[in-house]
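**Student:** Here it is, the structure, as structure tokens.
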């Protein structure tokens, strides 16, 4: 039991490190958590197999990269279906590649959907053509994103930091 | 000229001798500094935000000499819940302008000229001069890497005389990162009791303990009255520049410290006190920071060993204290050459006492990236010295 807990703690620690920087090498992780490199490699591949680590992606600031994309958050009001509730329609919406995220939320609407497209017209068109007409969808409200201040836990505008002294005793 | 001649008390304090090196380090472009003595995190936003709010509300006045009562009450609650020691917020706790002021006040309050104060070296640079400023005599006890830089009770007992007034403890330690176990501390407590000494315990790095939990000295059986506890917000909450700390201890001692404090400082800036109250409400930020320091600690220790330096495994604070004996250089030479040839700043161990010679202090309060880069540069330097 004690061993199991310890292993779980190591796993959590590794996840934390990778979440912060997915490119940290197994060797560095091994040093940080006090395991052999081989052990880390096997724990990570196990985490991948179990679907706990789903993917490794880069967090890109498209604005800086000069790549224009248009994103919108869409509030979707649904009528739940007998038997499957919101699941089947939510899964259906999820399958569109234009859709970046789908979440069931509390409050006035039921789904919060993030859609990405090349132009505003494309996004509006997609919502009008693909989401609004679905049988279970009662209404939609589209919010185009104007500017990102913070996403995925990262602040976009770099904070000006006071300079630390090189030497303090 | 008599008008500008300096008092003997001040003249007797020697300069560190490597001030010049530090000035160069400060100015050198694209140097990586492992010489830092503060977290690389900015004060958590909720703390900064609370401070801004207090300014907006117009909290800009003096406070009680003791510090804001609400802050003292919060500290009292915190010490009680974390360490099971109760301090009366009215009379047993004093808010100070950092531990630095607290330490000075403590010595001035208790030391008569000629009294001896026991220190363990290598140690923080201000203990010795502050003792000398009061006319007290610092008595240094060397701690050794073979013994994990621990101050041993029997070594204290050997050095106690009729004039001994106090023992200064600083664990987790700057510069070595050493910590003492509860048992080690209990043995010291016995010596303090036997010889009727005050223990001044600077526990500024207490929250930054990586193996087990830090034991507060005053929490030991019967030690509350005999301990002057010094602590602050700088390290655990990344608030170095705010200059705020506190002293807790025996009513008479705290009262005497307050007497000095009221004339030289009046009070700790209210802005820092308002921020400190918010800091006490947000402990998960500290936990996050400690987790990150712990990862860096391991990265640094393993890395130093790999490039050929023998390195004691630090248990707390954010410093490693590797031996550079294998290079045949003095610690000042090592630091200078490393800076000029490879642009890495480290602190020569000799700064922390004669027995620190042969060691350097490398802080891991820098990013993982900087640790890796600094280690690579140091590896190249060591190769050029013929080590490994």
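**Student:** Over chain A, with a Gaussian network built from C-alpha contacts below 10 Å, which listed residue (A:157, A:130, A:77) shows the highest mean-square fluctuation?
**Tutor:** With Cα springs under 10 Å in chain A, the top fluctuation among A:157, A:130, A:77 is at A:157.
**Student:** Now for a separate question. Fewest first, what order do B:126, B:331, B:384, A:106 take by the number of other Cβ atoms within 10 Å?
**Tutor:** By the 10 Å Cβ count, ascending: A:106, B:384, B:126, B:331.
**Student:** So how tilted is helix A:2-20 from the main axis of chain A? Cα-based, degrees 0 to 90, rounded to 10.
**Tutor:** 70
**Student:** Let me ask you something else. Taking neighbour Cβ counts within 10 Å as the exposure measure, how do B:261, B:214, B:342 sort from fewest upward?
**Tutor:** Arranged by neighbour count, lowest to highest, B:261, B:214, B:342 become B:342, B:214, B:261.
**Student:** For helix B:331-342, what angle does its Cα long axis make with the longest principal axis of chain B, in degrees from 0 to 90 and rounded to 10?
**Tutor:** 60
**Student:** In deg cm²/dmol, rounded to 500, what helix-only [θ] at 222 nm does the protein assembly as shown give when every DSSP H run of at least 4 residues adds -39500 (n - 2.57) and the total is split over its residues?
**Tutor:** Rounded to the nearest 500, the figure is -12000 deg cm²/dmol.
**Student:** Please work out the C-alpha center-to-center distance from region A:49-75 to region B:203-247 and express it in whole Å.
**Tutor:** Computed from Cα coordinates, the inter-centre distance equals 43 Å.
**Student:** Is the shape of chain A best called rounded, prolate or oblate, per the rule: a/c under 1.5 gives rounded, else a/b larger than b/c gives prolate, else oblate, with a ≥ b ≥ c the square roots of the Cα gyration tensor eigenvalues?
**Tutor:** oblate
**Student:** Calculate how steeply helix B:270-281 sits against the longest principal axis of the alpha-carbon atoms of chain B, using the helix alpha-carbon long axis, and give the answer as 0 to 90 degrees to the nearest 10.
**Tutor:** Once rounded, the angle reads 80 degrees.
**Student:** What residue among B:90, B:29, B:333 has the largest mean-square fluctuation in a Gaussian network model of chain B, using Cα springs under 10 Å?
**Tutor:** Highest fluctuation of the listed residues: B:29.
**Student:** Considering only B:350, B:61, B:326, give the residue with the highest GNM mean-square fluctuation for chain B, with springs between Cα atoms whenever their separation is below 10 Å.
**Tutor:** Top of the fluctuation ranking is B:61.
**Student:** Would you order B:240, B:4 from fewest to most other beta-carbon atoms within 10 Å of each residue's own beta-carbon?
**Tutor:** Lowest to highest Cβ neighbour count: B:4, B:240.
Here, each number is a calculation from the coordinates, and none is a lab measurement. Since we're looking at a predicted model, the values are computed, not measured. Cβ coordinates were reconstructed from backbone atoms using ideal geometry, including for glycine residues, and neighbour counts include every protein chain displayed.
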